[in-house]
Each structure stands twice: as structure tokens, then as C-alpha cells.
1. For region 13-64, what is the per residue volume of the convex hull drawn over the alpha-carbon atoms, in cubic angstrom?
2. Please list 3J(HN,Hα) in residue order for region 183-188, calculated via the Karplus relation 6.51 cos²θ - 1.76 cosθ + 1.60 where θ = phi - 60°; whole Hz, with x for glycine and proline.
3. Leaving ligands and nucleic acids out of the surface, order His52, His143, His84 by accessible area at 1.4 Å, largest first.
4. Counting Lys +1, Arg +1, Asp -1, Glu -1, what net charge surrounds Thr162 among other residues with beta carbon under 10 Å of its beta carbon?
Amino acid sequence: PGNARRIFTGIDVVALGCDVEEMVWATLTDYQNLAKVVPNLVSNTVLSAEAHVGARLQQVGAARLGGVATFTAQTTLDVREYRHGLPPNMEADHLDGQAEQASAREIGAALPLRDGVFPRPYSISSLPHRDITMKAVGGDFRHYQGVWRMQSLPGCAPPGHTAMRLTYSVELSPRAWVPIALIEGNVARTLGENLEAIRDFVVEQGECCQVEDEGREESDEAR
């Protein structure tokens, strides 16, 4: 609506040897080290944190504008953890999944931005999930709030592996001097790159866990 957009993205993650949903959760709640995993974070400072509750972060993010410029934005975010998913009153209604893309855009454009009511990520509603919300309380966005959603996918991984779906939905509206149409596509692409980087990090960590477990088993056998 107006100079604002809702962006939705997601990726499936399959990892060897470990609980992949727990690993993704641990990665996204390791607030001190987010910039080591999420490639668009130029800087990430933890202003305060409380275990199992969330944190206040000051971040500078970057998105490429074509091949000639980079859009950067500083944002102070309140992050909250919901191990059993968002309460229903904090989650926006679904758009009609059968609607044509153009129709869905029209419907979405008519829905107002509501502070503290987060855009619902695309997920399987019949399966349990965990959520992490991020809401701007200062910085270069007039409005910014989003949700990471983690959802195990039972029966979708080969033997010895686990599978999960990681989705992200965000509403954003920059300050008036930045037209959202100028940055929308680049922000969407950058979010996709972030999800791929998180997936690759977790898959690598899972393989490391498997190697460590095999090493312990060999050591036990040697005794």
C-alpha cells in the first residue's frame, strides 16, 4: 500500500545428521554472530538481549541497485522469539492462495499496514512452527516488520537427514525520499540470497556434526 511493499520468500533446508530446524533456530538467535552468516548485513550490533525472549539490534543492511549502486539502510530492530508460533492476533490474514498473481497484488495493496500485526509467511498451516519477529523502532524505514518462520517437514528427507522450511515475510516502507519501486526487486533478491546463505551455513554445520559423531563412535570402538 502506498510507498510500501510486502515481500515473501522461502527455502527448504535438508541437513545430514542433526535436527535442522533446531540448527536454523540456533543460527537466527545467535544475535552476536548474525553478520557472519547473513551476507547483506554490513554491521550488526547487539544493544541488549534476553535469553529465550529476544534482543534489540542495530543493523546496517545493503542491497545492490543494478550493478552501479548500493542501497544501504540503518535500522534499530526489536527481535522477539516465539517457539510455538505467533499468537493469532499478531498475524495478518492470508491472501487467497488461489488468486492470480495480479489479483493477489491488488488485494495486498488494499490491506493497510498495521503496527504489530505481521505479514503471514507462506507455510503449511497444519504443521507446527516457530517464529522470530523483527520490528523497526528507529532508523531509515518509516515502517519495517517481518517474520522468520521455521517449520519441520516430516517425511521429506532421505535417511539420516532432516528437512525444514524457512520462510521470511516482511513489510517495509522507506522514508519518503526513497521510492519503494526503485528498491523492491533488489530487496527481494537480497532476501533470497540471505536465505540461501543461511541454508548453506546450516548444511555445512550439519555435515560437521556428522563428522564429529563418527569420530566419537570410532574413538569409543577403539577403547
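1. On the way: hull volume 4.9 nm³, N = 52.
Normalising the Cα hull of region 13-64 by residue number yields 95 Å³.
2. 10, 4, x, 5, 5, 4
3. Working: His52 150, His143 25, His84 175 Å².
Reading off the accessible areas and sorting them downward yields His84, His52, His143.
4. On the way: positive: none; negative: Asp19, Glu21, Glu22.
Within the 10 Å Cβ shell, the charges total -3.
The values are calculated or read from the model by the stated rules, or taken from the named source; none is laboratory data. This one's a predicted model, so the numbers in the text were calculated from it and none came from an experiment. Reconstructed Cβ throughout: ideal geometry from the backbone, glycine too, with neighbour counts over all protein chains shown. Heavy atoms of the whole protein, side chains included, go into the accessibility calculation; ligands, DNA and RNA do not. Shrake-Rupley method; radii C 1.70, N 1.55, O 1.52, S 1.80 Å.
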